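The values are calculated or read from the model by the stated rules, or taken from the named source; none is laboratory data. As the structure is a prediction and not an experimental result, all values here were calculated from the model. Neighbour counts run over all protein chains shown; Cβ positions are idealised from the backbone, glycine included. For the accessible areas, the whole protein counts, side chains as well, though only heavy atoms, and no ligand, DNA or RNA atoms are used. Shrake-Rupley method; radii C 1.70, N 1.55, O 1.52, S 1.80 Å.
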Amino acid sequence: EADSERTEAGMIALTMRQVLETKGKTAALVTPDRALARRVTAELGRWHIDVDDSAGRPLAETPAGVFLRLCARVITDDMAPVGLLALLKHPFAAAGMSPVAFRAQVRHLERTLLRGPRPGPGFDGLRTALTEVKPDKVRGLDQFIDCLEGVFGRFNDKGTPLKYLLKAHVDLAEALAASNEKVGASRLWAHEDGEALAGFIAELSDAADTLDDVEPWQYPALFDALLGPRAHRPRYGRHPRLHIWGLLEARLQHADVMILGSLNEGSWPPEAQASPWMSRPMLEAFGLSQ
């Protein structure tokens, strides 16, 4: 028995790592607990082992997904320092500059302005604060603010169509992701997670007309809710002998070492859900699963 999820994940990862010492031997973790699966994946990553997880990774937690979520938040949070720095420090952020040079300017901004009293809200407050810093130290941040101002007006109206807000959101992300060598679209949608996210954006844009107008301040939460259930599974590059399976996949496959994780009440077995129509004895009499 493990004292915590972290300890359990560490023991499982160590067991799976030990299996690799025997040539040709395979191992699989079977668990319905997605939090445990992510912890084990992270632990194996310490040995540079990319494990094959049948459930994939939440698209919202991929680099491209995180970047788009931060872009949506910074618009509606009036440039709050925490969200602003999270966006500026993201690897995709460059605002038309070299990413290395842009990151240096962000660090200078953090040290001089954002670690003390908070600047005024919105663009006016940030621009006023930037006047207190040497212009050559924050040249790229002016470009970043220009990117934001170009779409901010589209988030001020009430009851805006979702397709309109989505277009402004994507325009901002691509403008901010542009570097001195590549356009934003080439960096943002380049990898597998970017392709999957582009597909999600296209589907959402096609279905946007079926929804009522959206209050701009509600848009980030709506975007998170729609993106949250989507998962992304890499097509290749995973380890061929280590796997993480759900309960259904484990019934159909076999490994030399099978590890059953999260054998806790409420997780596995799951809590019994009461049916609003039939009691558990009635379900059993009808031969239905409970």
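Looking at segment 181-290, the GluC sites (Glu not before Pro) that sit in a DSSP loop and have at most 16 other Cβ atoms within 10 Å of their own Cβ are GLU181, GLU265, GLU271. Between THR15, HIS254, PRO270, the Cα set farthest toward the positive side of the dipole of the chain (charges on each charged residue's Cβ, about the Cα centre) is that of THR15.
Of the accessible area of segment 27-126, computed with a 1.4 Å probe over protein heavy atoms only, carbon and sulfur atoms account for 54 percent. Using C-alpha pairs under 8 Å with a sequence gap of at least 6, the mean separation divided by the residue count of segment 1-75 gives a relative contact order of 25 percent.
If you take the C-alpha gyration tensor of the chain, multiply each eigenvalue by 5 and take the square root, what semi-axes do you get, largest first, in whole Å?
Values: eigenvalues 359, 136, 65 Å².
Ellipsoid half-lengths, sorted descending, are 42, 26, 18 Å.
For segment 216-253, the residues whose backbone nitrogen is under 20 Å from a point 7 Å from the Cα of SER267, taken along Cα to Cβ, are 243-251. Straightening the chain between HIS191 and GLN18 buys 59.1 nm, computed as 0.36 nm per residue apart minus the Cα-Cα spacing. The GluC sites (Glu not before Pro) found in segment 1-71 that occupy coil by DSSP, while having at most 12 further C-beta atoms within 10 Å, are GLU1, GLU21.
Span-like helix criteria (full DSSP H runs; alpha carbon extent of at least 30 Å along the helix axis; mean Kyte-Doolittle hydropathy of at least -0.5) are satisfied in the chain by no helix.
Solvent exposure of segment 163-227, expressed per residue, is 49 Å² of accessible area, with all protein chains present and a 1.4 angstrom probe. Label-to-label distance, PHE123 versus SER205, with points set 7 angstrom from Cα along the beta-carbon direction: 2.3 nm.
Binning the alpha carbon pair distances of segment 142-290 at 10 angstrom intervals from zero yields the distribution 8, 23, 23, 20, 19, 7, 1, expressed in whole percent. Of the options VAL66, ALA37, GLY24, report the single residue whose Cα projects farthest towards the positive end of the charge dipole of segment 13-78 (beta-carbon charges: Lys, Arg +1; Asp, Glu -1). Checked the options; the winner is GLY24. Largest mean-square fluctuation among LEU260, LEU204, LEU87, in a Gaussian network model of the chain whose springs join Cα atoms under 10 Å apart, belongs to LEU260. Summed over qualifying helices (DSSP H, 4 residues or more, each -39500 (n - 2.57)) and divided by its residue number, the chain shows a 222 nm mean residue ellipticity of -14500 deg cm²/dmol. Under a model in which nothing but the beta-carbon of Lys, Arg (+1) and Asp, Glu (-1) is charged, the chain shows a dipole of about 980 debye around its Cα centre.
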